[in-house]
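J.: My structure is below; once you've seen it, I'll send some questions.
Every number in this text was worked out from the coordinates using simple rules, so none of it is lab data. Computed from a prediction, not measured in an experiment: that's the story for all the values here. Positions of Cβ are backbone-derived with ideal geometry, glycine not excepted, and every protein chain shown enters the neighbour counts.
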Amino acid sequence: MAPGEKIKAKIKKNLPVTGPQAPTIKELMQWYCLNTNTHGCRRIVVSRGRLRRLLWILFTLTAVALIFWQCALLILSFYTVSVSIKVHFQKLDFPAVTICNINPYKYSAVRDLLAELEQETRGALKTLYGFSEITSRKRREAESQNSAWEGTGSKFLNLIPLLVFNQGETGKARDFLTGRKRKVSGSIIHKASDVMHVHDSKEVVGFQLCANDTSNCAVYTFSSGVNAIQEWYKLHYMNIMAQVPLEKKINMSYSAEELLVTCFFDGVSCDARNFTLFHHPMYGNCYTFNNRENETTLSTSMGGSEYGLQVILYVNEEEYNPFLVSSTGAKVIVHRQDEYPFIEDVGTEIETAMATSIGMHLTESFKLGEPYSQCTEDGSDVPVENIYGAAYSLQICLNSCFQAKMVEKCGCAQYSKPLPPPANYCNYQQHPNWMYCYYQLSQAFVREELGCQSVCKEACSFKEWTLTTSLAQWPSEVSEKWLLSVLTWDQGQQIKKKLNKTDLAKLLIFYKDLNQRSIMESPANSIEMLLSNIGGQLGLWMSCSVVCVIEIIEVFFIDSLSIIARHQWHKAKGWWARRQAPPCPEAPPSPQGRDNPALNIDDDLPTFTSALRLPPAPAAQVPGTPPPRYNTLRLERAFSSQLSDTQVPAES
C-alpha cells in the first residue's frame, strides 16, 4: 500500500465520528475531502509535505474560480437572447401579380363629375402662370371653348384658398382668388420641413386649411407650384369621388379586356379570366394574376423570361386626367396571395413604348417572437383592428391605426384607405373641416405622436421579392407597323381605333431561377446547451459529474447547516437550563490535581494525531490525594488501549 493510502486509512480508522454526523464543520470537511470524487480536494488532505499540499490548494482554488467565471459567461450568453440564422434554398410557387393603370378612371366617364374642379384649376394656372392649353384631343370636344372662369363663383377656391407668398413676406400672402394681400394666421408648414422659410428668389404657392370656427388655421406651402396644384386638386378629387358609389366607380374604370391585350404564362396563353378584379380608391380597377382562385396556386416549370408572366397592356393615354396624374403607364406589384397589394407605396411603374423585364428572387424570413424580438405571428396580440381583410403586416397595421385615429378625431374616414364600419368617407357636406383635421393628423403621424409606431409590430414571417428591372424599346422600328396592325385587329371589338405604341406597354415577370432563400432564426443558446456547457466546465476543471454536484450541495449546504443548527440548539438548551436552575451557594475551591499537559487542549474530540502525542506514564505510582483531574476523561473508551497505565488504582 502506498504511504499516502496508509496515512489515509490510519486517519479514517481513528476518526471518532465520520460522515454527515460529524460534530464540527472541520471534521465534516475532512471526511468530505477523503471520500469525494473531486480529486483536488482529496489530494489536499492525503498529500505529504506542506509544499505539495499548498500547491494542491492553489490548483483547486484556481479550478473553482475558472468554473465560476466560465459558468457566469455561459449564463450571460444564455440571457442575451441571441439568435443564429440558417439559410437554405428550395423550389417555389409563382407569386400573385397585381397590375393597375396609373390613371384610375377614364376621363370621358368622370368628366361631368370633375368639370367644375377642372375649370377652376385651369383658371388658376392661367392667372398664376399664364398657362393656356391648346389641344385637339377628342375628349375636349364636348367642353365649351368659350367657358369663362369667374373668380367670384369659385366653389373650390373658396373652400381651400390658394395663396402666393412673395419674396421676404412670411406674415402676408396674396389671395389667389381675390388678388389682394391678406395676413396669414396660424402656422405655416412647408411640406419639405417643419416650418417654412420663404425662398428669396421666387414665389411660393400654398393653400390654407381651417377648422370649423376658422380661428385655427394652417397654411401648407410647397417648393414647386406643380406639387401645390396637384395636392390642391387631389384633395377636391378625393372629396368628390368619396360620394360616388363603388359600383359606379368600377364601371367608370378600365375593364380587364380593355387593359390586357395579350397574356402568356409559362408558355401557355391566358386571358382576362385568369385575373381577379381588385378596386383601389386611388388607382381604380386593378387586376391580380394567380390570386389563388379555387384554392389553387400556379407554379412555373423553369426560371427565365420565357416561363414567367408576359402581358401587353393598353393604357389609353387619351383618357388620362391631366391634373391627377402626370405620367403615363401602369403600376405592378408582386405579393403573396393573402397579402394586400399596396400599389401606391411599393408598386413598380411600367413605361409605355417599352418592354419592362422584372426578374425576381424570393427571400422568406422567419423571426423568433418574445423574448428574442417584438414580432407577432398573426397580429392577434396587436391592439389595432385590421380593416384590410388580408394577412397581417406592419404596413397594414400602421394604415389601420391611422384610419382609426382619423375616424376618432375627424369623425370620418380618409378616402385612400379601406372604410372601417360603420364610418363614412370624408366629404364637404358632412365634415366641412375634414381636410384640416387630415393634414394635422398626418403631421402628427409622421412625428410619431399618434402612438401607431409603438403599438404596431413587425410580422414574424414574411416574404420579400427582390426585383431586378431592365428596359428595352418596344416595339422596334422595323416591327412597329406589322405588330401594331395585328394588335389593332385583335382588339377590334374592345378598342375601336388604331393602336399607337405610346398607348402600349409590355411587361415580363419571371424568376431568374427556381431557388428560394429562407432565413430562419433559432436560439443561439438553449437550456440543454447551457447545462451541457456547465457540465463540460465542471468535468474539465474538477472532474465532477451530476452526482458529484449533488454531493457538494448535500455536504456544503445541508450537512453544514445541520451542524451549525445543532450547535446553536445545544447552546440555547444550555442557556435555558442555566436560567431555570435555582441559585446555589458558591462552593469552596477544591484542591487541584495534576493535569496532563499534553491533553490541555480544547474541548473538541481527540484525533489520531493528538492521541499519538501523549507522553509515557511515569514510573512512580500516582498519588491518591489529591485525586487527579483529567479534562478529557470522556474519551477514555476511545483510547483505553493506549492509556491503560494512566488509570488511578483503587484505594486499599
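J.: Taking R0 as 51 Å, what's the FRET efficiency between Val325 and Leu368 from their Cβ-Cβ distance, rounded to 0.05? Spell out each step's value before the answer.
T.: Values: r = 43 Å, r/R0 = 0.85.
Once rounded, the FRET efficiency stands at 0.75.
J.: Let me ask something else about it. If I stretch the segment between Lys26 and Ala577 completely, what's the gain in nm (0.36 nm per residue apart, minus their alpha carbon distance), one decimal?
T.: Details: separation 551, 0.36 × 551 = 198.36 nm, distance 2.78 nm.
This chain segment gains 195.6 nm when fully extended.
J.: Still on this structure, please answer the following. With label points built 7 Å along Cα→Cβ from the Cα atoms of Ile553 and Leu467, find their separation and express it in nm.
T.: About 6.0 nm, to one decimal.
J.: What FRET efficiency do you get for Ala272 and Thr178 if R0 is 41 Å and r is their Cβ-Cβ distance, rounded to the nearest 0.05? Write down the numbers at each step before the final one.
T.: On the way: r = 52 Å, r/R0 = 1.26.
Calculated transfer efficiency: 0.20.
J.: A follow-up question, please. Given the pairs Lys155/Lys248; Lys106/Lys405; Lys126/Lys405; Lys248/Lys409, which are separated by over 31 angstrom at their Cα positions?
T.: Details: Lys155/Lys248 25 Å; Lys106/Lys405 33 Å; Lys126/Lys405 39 Å; Lys248/Lys409 29 Å.
Check vs 31 Å cut-off fails for Lys106/Lys405; Lys126/Lys405.
J.: Which value in nm describes the separation of the simple spin-label points at Glu377 and Arg517, placed 7 Å from the Cα toward the beta carbon?
T.: 2.8
J.: Need one number: nm distance between label points at Thr488 and Thr502, each 7 Å from Cα along Cα→Cβ, rounded to one decimal.
T.: So the two model labels end up 1.6 nm from each other.
J.: Right, something else. Would any residue of segment 279-320 have its amide N under 18 Å from a label point 7 Å out along Cα→Cβ of Glu349? List them or say none.
T.: Counting backbone N atoms under 18 Å from the label point, the list is 282-284, 313-320.
J.: Can you give the log10 of the normalised intensity I(q)/I(0) at q = 0.23 Å⁻¹, computed with Debye over equal Cα scatterers of segment 374-457?
T.: -1.10
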